[in-house]
Amino acid sequence: MQLKPEIVTVLNSLGADETEISGLVEYFSARLVQAHANLEQIDDNIASLQTQRVEAQTLIDTLTTAIGKFVIVE
């Protein structure tokens, strides 16, 4: 990631040197990468929960059918 020249000019005018500017870029780049990783993990968690929900509903349906064979509904 590279800052636009006008941003670098403003940062330089505020006294930031190349090391500080590079540090800012690295910091925000790392945050962006981590945010993408977090989003991927959330997507994986959602997919897993959806699978678990389907499995739980299947179990409910199976148990309801089985219990229905032995229970008189009043």
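The values are calculated or read from the model by the stated rules, or taken from the named source; none is laboratory data. Given the structure is predicted, the values throughout are model-derived calculations rather than measurements. Counting neighbours? That spans all protein chains shown, and the Cβs are built from the backbone with ideal geometry, glycine included.
The table below gives the values:
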item: Every pair of residues 6+ apart whose Cβ atoms lie under 7 Å, when the first sits in segment 1-14 and is in a helix (DSSP H, G or I) while the second is surrounded by 10 or more Cβ atoms within 10 Å (Cβ to Cβ); result: Val8/Ile21; Leu11/Ile21
item: Which listed residue is modelled with pLDDT of 95 or more and more than 21 Å from the chain's Cα centre (by Cα), from Glu55, Glu40, Glu74; result: Glu55
item: Index of the failed condition, Met1 passing every other in (1) loosely packed, with under 10 Cβ neighbours inside 10 Å; (2) over 31 Å from the mean Cα position of the chain (by Cα); (3) not basic (Lys, Arg); result: (2)
item: Enumeration of residues in segment 4-34 that are among the small types (Gly, Ala, Ser) and surrounded by 10 or more Cβ atoms within 10 Å (Cβ to Cβ); result: Ala16, Ser22, Gly23, Ser29, Ala30
